[in-house]
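Everything on this sheet refers to the single structure shown next.
Just so it is clear, none of the values below were taken in a lab; they were calculated from the coordinates. These numbers were taken from a predicted model, which means no experiment stands behind them. Cβ placement follows ideal geometry from the backbone for every residue including glycine, while neighbour counts extend to all protein chains displayed.
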Amino acid sequence: MSRNSDKIKGSRIYYISVDDNGNVTEAGEPYCTLCSKMALEVGIKEFVLYKKDNICVYDTEEYNVLSYAYKSK
């Protein structure tokens, strides 16, 4: 773990997607297992994903489980 991880412990990640024209687009479903694993390791508390009609807040443990389930589809 990084010596600076105490500064981000309990924090929140906001995730959006951007198209080729720089427009914000829907983030989609939790899918990045690398992101979720690293977030768990440093103690990030939540992932926030921009969806078409709402904002979804996931506990990092939940995001991790969902991302691995997405990869197995």
Here the cysteines of the chain lacking a cysteine partner under 4.7 Å (Cβ to Cβ) are Cys56
Restricting to aspartates and glutamates and to Cα separations under 16 Å from Lys9, and discarding same-chain partners fewer than 8 apart, the set is Glu41, Glu46, Asp59, Glu61
So the angle from the long Cα axis of helix 60-71 to the longest Cα principal axis of the chain, reported in degrees to the nearest 10, equals 50
If the chain between Glu62 and Lys7 were fully extended at 0.36 nm per residue, the gain over the current Cα-Cα distance would be 17.6 nm
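Using only Cα atoms, what is the ratio of the radius of gyration of the stretch 5-71 to 2.2 N^0.38 Å?
Working: Rg = 12.2 Å, N = 67, 2.2 N^0.38 = 10.9 Å.
The value comes to 1.12.
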Nearest 10, in degrees from 0 to 90: the angle of helix 33-42 to the longest Cα principal axis of the chain is 30
Dividing the mean separation of Cα pairs under 8 Å (6+ apart) by the residue count of the stretch 5-71 yields a relative contact order in percent of 38
